[in-house]
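Here the structure is laid out as structure tokens; the discussion comes afterwards.
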Amino acid sequence: MVAKGSRAVIAVALVLSVLAFGTAVAQVTVTEDTLVTTWGGTDTLDTFRSALAAPLFVLGLVCDTLFAFDQNLQPQPVLVESWEQSDDEMTWSFALKEGITFHDGTPLNAAEIETYLEELFFPQSFTGWMFSNVEDVLVTGEYTFDFVLSAPVPLMIFNLAYPWNIIQPAGAYEEYGDAYGYDALVGTGPFVFEEWAAGEHVLLSRNPDYTHGPSFLENTGPAHFDQILIREIRESATIVNEFRVGDVNYIGIPTSHLDVVQGDPNVTAGVVTNYGSNYIEVNASGLFGSDWRMRAAVNHAFDREGYIQAGYFGAAQPSYGLVTPASFGYWPGMDEFGKKILYYDAEEAARLLDAAGWVLPAGKTVREKDGEPLSIKLITFNFWQTQGEILAAMLTEVGMDVELFAFEYGSFYGVLEEDDWDLFLAGWIDQSGFSTLQSLVTTAGIPKLTNVTGNSNAALDALVELMNTTPEPVVREQAAAAAQQKVVSDLFEIPTVLTLSYAGVIAEEVGGFELLNAHPWRLGLILALDMYRK
Amino acid sequence: MLTYLIRRLLVMIPIVLGVATIVFFAMRLAPGDPVRIIAGPQAPEDRVQEIREKYGFDKPLIVQYTIWLSQIVRGEFGNSVASGVPAIRMVTERLGATLELTISAFLVSLVLSVLLGTLAAVNQNGFIDNLVTFNAMLWLSMPGFWLGLMLMSVLAVAVPIFPISGRGDAFWTWEGIRHLILPAVTLALPSAGATARIVRSSLLETMSQDYVRTARSKGLKERLVVSKHVFRNSLIPLITLMALRLPALFGGAVIVESVFAWPGLGTLLIKAVFNRDYAITQTTALFIAALVILANLLADFMYSVADPRIRLD
């Protein structure tokens, strides 16, 4: 037994020992020349470790790609001065802009590009497969290099503009090892990575030597702001409140929160066309896979207007194609074409089910065939549970017995591996300009996890292949249009709604917002270079 | 005393390992592939497999478990599959913020519950008692998420007394305290509501004891009766309850951290669970289990402070 005083001392010491952890707080001085914005955070900024979209926001400010997509989704040179494809289409030649250095002082030249691509990027990047036809990176001069191909890649510069395909110095990877992307990020971009206080913020400072911005921007030189402070805030209501009191200058929020800030005269708000393409996927090996009439019944049982009102409170548009204006291969005629096939007609759905042999017995609510009930499994992500329930109700109306299974994102690939589902209410946010069609509907050329339907269609594969490989823009557009028409006609993917998921909102005192608002996604380069304090 | 302390600390080890073992298997039994999640659907399978092999995810579950146990014994917690950084670093970077928040909320909850519970007990069935009961039930009924946003709207936006979010500065500075108040109060109020009811009941029960009646009959002032004779003898259930509340505070902190952008373990844990980042979830579970056990140890010390008849050895 110890004295009472000693016990109290031990108790206090225990409390203080745990409080001792709470001393490290990162401080940032916010000045008039600081642009303060927010993001949801991520685990790493190293693209060789994560293919998630979150890091792109910071990467786009710190690192450059050789090309970048302009607001019309055309690749424009950033680090490249000139380029050409050989007549036999087996070589791409590039000349780099001279005098560019990485933030750690490493000069950007052809040898650096060769080392980075061959030793790091091609073998380690999750997007390295885009360059599987590059046999060799050949240095032809201090600032010139060739891609020697095993097969033609007419869309090479589109691939080089893909935002994950950034150029970094190989030496930085060597220097920081596993901590690269956490303690350090080195690029050639308009902002220099200063620090990442985990869970709190990322701080970037202006790169005064930056002179190589793409020509589609007003400002191609050093950024107007001294620093960018990116605070990690995940909750939308908190982001809006921070903006309203003036602590944050630029935010991206769900469009459902727009009305809260739009009434403020000090706010410039615009909907960034960050399109979300949503659709019902049909399992080719399931109940609907072998019978087009069954898939058509699902299509006609789906009431887009009712779904938008009940599931999105009106904040979505009906969708008639998989490819959005922010994605490569978009065809403007798709709406008109799709409307002829994708429409709500419950009676037609019932007729199609009858024709497929699934009839509604007298006095029952679920259709049957050979004594078996029409029981189906509908799966979706947990954040679309409400939308899943609405779709299930619509399918129930035409005599289906629907079991809804909502899972969290981490279970996605496990659920797909089990392959125990008939319909999948799914979606895809276009923010990179990448070919949605190639990812979602083809079974050739890329890893197959994205085409979850398992539908294999050689004609469709050929059309998408043509779209991706033809050097002729007109042929490309025709192939893209034909592929999209085929997708909608086959009904293995049934487009549902198009969501304009995020709104970019900027404080009145900050200018240079217009192009960012016009671009298909929040391109970091625009944010970095064009924005200024009025 | 020292023997008792060592024994309790030794008992901690199997309990903490047991908790982490449950987390280990629960995470791996849940569907999902951590490497595929971070690599994305378009990544080539051979590259994905290469990463699986690097982290040992290709090995049988029992082998993974054995490796993990041997690492823990050596004080290694593994690297986050999502960031490549040691899990222990990522967890300790955020541990301080969570401790600040939960300990502050714990203290706020303690002060509020004792104050309001005592007020209610000494004014049994009166206006104050009813008012305290009403507020206690109100706080208990409000979801932490909603309560946080309401406090934020009123005290940070409409009347900007406190900052909206973030951690500000070290907790002993004025700026640090200003940032801490809203999240701590949000986390504390539901707990305070429940505890205040227990304090009231405990005090009322003690007040009906013979020795309290004797104290009153000696002519002692009511204030002295309550503070000297009633309150101290009612502390044991309060200490027990507060120790039991601590795990709930850690749980509640996950939501409060998200609302107030507080850079604690909660947001890290949520991301880790969704990404199936095993090293982070296991390390976080180890730390939280250890903290809860330490809190219970502290409660045992407090028992002996409150009641000298209780001997720790």
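The values are calculated or read from the model by the stated rules, or taken from the named source; none is laboratory data. Keep in mind that what you see is a predicted model, and the values were worked out from it rather than measured. When we count neighbours, we look across all protein chains shown, and the Cβ atoms used for this are built from the backbone with ideal geometry, even at glycine. To get the accessible areas, we keep the full protein, side chains included, count just its heavy atoms, and leave off ligands, DNA and RNA. Shrake-Rupley method; radii C 1.70, N 1.55, O 1.52, S 1.80 Å.
Annotation: amide H of residue A:404 within the under-5 Å range of A:378, sequence separation 5 or more or interchain, hydrogens built in the peptide plane. With the charge dipole of segment A:64-186 set up from +1 on Lys and Arg Cβ and -1 on Asp and Glu Cβ about the Cα centre, the Cα lying farthest toward the positive end among the listed residues A:131, A:71, A:181 is that of A:71.
Carbon-plus-sulfur accessible fraction, chain A (probe radius 1.4 Å, protein heavy atoms only): 50%. Extending 7 Å from the Cα toward the beta-carbon at both residue B:134 and residue A:315 defines two label points whose distance is 3.6 nm.
3J(HN,Hα) along segment B:183-195: x, 5, 5, 4, 6, 7, 4, x, 5, 5, x, 5, 5 Hz, from the Karplus curve 6.51 cos²θ - 1.76 cosθ + 1.60 with θ = phi - 60°, whole Hz, x for Gly and Pro. Applying the Kirkwood pairwise sum to the alpha-carbon positions of segment A:64-186 produces a hydrodynamic radius of 14.9 angstrom.
Excluding residue A:243 itself, calculate the net charge of residues whose Cβ lies under 12 Å from the Cβ of residue A:243, where each Lys or Arg counts +1 and each Asp or Glu counts -1.
Cβ neighbours under 12 Å give a net charge of -2.
Considering only B:103, B:133, B:191, the residue lying farthest towards the positive end of the dipole of segment B:96-278 is B:133, judged by Cα position with unit charges set on Cβ. A simple spin-label model places the labels of residue A:183 and residue B:69 3.3 nm from each other, with each point 7 Å out along Cα-to-Cβ. Residues within the reach of a label modelled at residue B:50 (point 7 angstrom out along Cα to beta-carbon, backbone nitrogen below 18 Å), restricted to segment A:129-148, are A:129-137.
Gyration tensor analysis over the Cα atoms of segment B:96-278 returns equivalent ellipsoid semi-axes of 36, 17, 15 Å (largest first, whole Å). In the elastic network of chain B, a GNM with C-alpha springs shorter than 10 Å, the most mobile of B:141, B:165, B:104 is B:141. What you get for segment A:454-534, charging only the Cβ of Lys and Arg (+1) and of Asp and Glu (-1), is a dipole of about 180 debye around the Cα centre.
Lysine pairs in chain A with alpha-carbon atoms under 21 Å apart, 8 or more places apart or on different chains: how many are there? Provide the component values of the computation, followed by the final result.
Details: A:339/A:486; A:340/A:486; A:364/A:377; A:369/A:377; A:448/A:486.
So the count works out to 5.
Carbon and sulfur together cover what percent of the accessible area of segment B:35-178 at a 1.4 Å probe radius? The partial results should precede the final answer.
Values: 4560 of 6550 Å².
Carbon plus sulfur share of accessible area: 70 percent.
I need the calculated FRET efficiency for the pair residue B:111 and residue B:217, taking r as the beta carbon distance and R₀ as 35 Å, to the nearest 0.05. Calculated transfer efficiency: 0.65. Considering only alpha-carbon pairs that sit under 8 angstrom and 6 or more positions apart, the relative contact order computed for segment A:275-499 is 36 percent. Each of A:213, A:162, A:376 was placed along the dipole of chain A (beta-carbon charges, centred on the mean Cα), and the one lying farthest toward the positive end is A:376.
For residue B:311 and residue B:248 in the same chain, what is the full-extension length gain: residue separation times 0.36 nm, less their Cα-Cα distance, in nm?
Numbers: separation 63, 0.36 × 63 = 22.68 nm, distance 2.81 nm.
19.9 nm is the gain from fully extending residue B:311 to residue B:248.
Amide hydrogen proximity for residue A:201: with H placed 1.01 Å from N in the peptide plane, the residues at 5 or more positions away or on another chain lying under 5 Å are A:232.
To the nearest 20 debye, what is the magnitude of the charge dipole of chain A about its Cα centre, counting +1 on the Cβ of each Lys and Arg and -1 on the Cβ of each Asp and Glu? Don't jump to the answer; show the numbers that get you there.
Working: 24 positive and 71 negative charges, 326 e Å.
Result for chain A is approximately 1560 debye, rounded to the nearest 20.
How charged is the neighbourhood of residue A:105? Take every other residue with its Cβ under 14 Å from the Cβ of residue A:105, and add Lys/Arg as +1 and Asp/Glu as -1. Neighbour charge sum, excluding residue A:105 itself: -4. Relative intensity of chain B on a log10 scale, I(q)/I(0) at q = 0.07, 0.10 Å⁻¹, equals -0.38, -0.71, per a Debye sum over C-alpha point scatterers of equal strength in the absence of solvent. Please give the helix A:458-469 orientation as an angle from the longest Cα principal axis of chain A, in degrees from 0 to 90, rounded to the nearest 10. Taking the Cα atoms of chain A, the angle to A:458-469 is about 30 degrees.
For residue A:533 and residue A:84, what does the FRET efficiency come to when R0 = 45 Å and r is the distance between their Cβ atoms, rounded to the nearest 0.05? About 0.65, to the nearest 0.05. Can you tell me the relative contact order of chain B? Whole percent, Cα pairs under 8 Å, sequence separation 6 or more. RCO, chain B: 28 percent.
Most mobile of B:107, B:131, B:29 per a Gaussian network model of chain B (Cα springs, under 10 Å)? Residue with maximal mean-square fluctuation among B:107, B:131, B:29: B:29. If you plug the beta carbon distance of residue A:215 and residue A:486 into 1/(1 + (r/R0)^6) with R0 = 51 Å, you get a FRET efficiency near 0.85.
Return the calculated 222 nm mean residue ellipticity for the protein assembly as shown, to the nearest 500 deg cm²/dmol, obtained by summing -39500 (n - 2.57) across DSSP H runs with n ≥ 4 and dividing by the residue count. Could you put the intermediate results ahead of the total?
Numbers: 30 runs with 382 residues, N = 847.
Result for the protein assembly as shown: -14000 deg cm²/dmol, rounded to the nearest 500.
With viscosity set to 1.002 mPa s at 20 °C, what whole-number translational diffusion coefficient in µm²/s follows for the protein assembly as shown from Stokes-Einstein and a Kirkwood radius over Cα pairs?
Working: Rh = 30.2 Å.
Answer, rounded: 71 µm²/s.
In this simple spin-label approximation, residue A:175 and residue A:370 carry label points 7 Å from Cα along the Cα→Cβ vector, and these lie 6.9 nm apart. Measuring with a 1.4 angstrom probe and ignoring ligands and nucleic acids, residue A:143 comes out at about 50 Å² accessible. The HN-Hα couplings worked out from phi for segment B:106-121 by the Karplus form 6.51 cos²θ - 1.76 cosθ + 1.60 (θ = phi - 60°) are 4, 5, 4, 4, 4, 4, 4, 5, 5, 4, 6, x, 5, 4, 5, 5 Hz, whole numbers, x standing for Gly and Pro.
What does the charge dipole of segment A:64-186 about its Cα centre add up to, to the nearest 20 debye, if the Cβ of each Lys and Arg holds +1 and the Cβ of each Asp and Glu holds -1?
On the way: 1 positive and 21 negative charges, 77 e Å.
Dipole of segment A:64-186, to the nearest 20 debye: 360 debye.
Looking at segment B:96-278, the accessible area is 43 square angstrom per residue; that uses a 1.4 Å probe and ignores ligands, DNA and RNA. When you restrict to C-alpha pairs under 8 Å that are six or more residues apart and normalise by the size of chain A, the relative contact order lands at 19 percent.
When chain B is treated as a GNM with alpha-carbon contacts under 10 Å, the residue of B:296, B:123, B:79 showing the greatest mean-square fluctuation is B:123.
Distances between placed amide hydrogens fall under 5 Å for residue A:455 paired with A:284, all partners being 5 or more residues away or on another chain. Electrostatic bookkeeping for residue B:129 treats Lys and Arg as +1 and Asp and Glu as -1; over the other residues with beta carbon under 12 Å from its beta carbon, the sum is +2.
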